[in-house]
Amino acid sequence: MEDVDLRRLRWRCRRGLLENDLVLERFLERHGRSLDDAGLAAFNELLALPDPELWDLVSGRRACDDRRLATIVAMLREA
């Protein structure tokens, strides 16, 4: 991933919920450059969720039933 693309993605990760901000920032620091196309697509799909839904997935309050998103959700939980 190019630096410009990573900066744009980092900007999209700015959320209204501080907990999401922190997790997303850590995730990008650890995995941003290594995301493949499928991982990037899944991450973008997660970013489209409203803050409460995203936090429920990341915090484990809600199970991730979508196999396409499960790997990224697991990585977010580790962050």
Kindly list the number of the only condition in (1) outside any helix (DSSP H, G or I); (2) free of Cβ contacts under 8 Å to residues at least 24 places away in the same chain; (3) surrounded by 13 or more Cβ atoms within 10 Å (Cβ to Cβ) that fails for Leu57.
(1)
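When segment 26-45 is examined, which residues are found to be more than 16 Å from Asp66 (Cβ to Cβ) and not acidic (Asp, Glu)? Break it down into steps so the answer makes sense when it comes.
From segment 26-45, those more than 16 Å from Asp66 (Cβ to Cβ) are 26-37; that's our starting set.
Of everything in segment 26-45, those that are more than 16 Å from Asp66 (Cβ to Cβ) and not acidic (Asp, Glu) turn out to be Arg26, Phe27, Leu28, Arg30, His31, Gly32, Arg33, Ser34, Leu35.
Could you tell me which of the residues Ala70, Ala41, Ala74 is loosely packed, with under 13 Cβ neighbours inside 10 Å and outside any loop (DSSP other than H, G, I, E, B)? Steps first, answer last, please.
Numbers: Ala70 fails: loosely packed, with under 13 Cβ neighbours inside 10 Å; Ala41 fails: loosely packed, with under 13 Cβ neighbours inside 10 Å.
Only one candidate qualifies: Ala74.
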Somewhere in segment 4-19, is a residue exposed (fewer than 13 other Cβ atoms within 10 Å of the Cβ), assigned to a helix (DSSP H, G or I) and modelled with pLDDT of 90 or more?
yes
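The values are calculated or read from the model by the stated rules, or taken from the named source; none is laboratory data. Quick caveat, the model's predicted, so the values are computed rather than measured. Ideal geometry is used to build each Cβ from the backbone, glycine not excepted, and the neighbour counts take in all protein chains shown.
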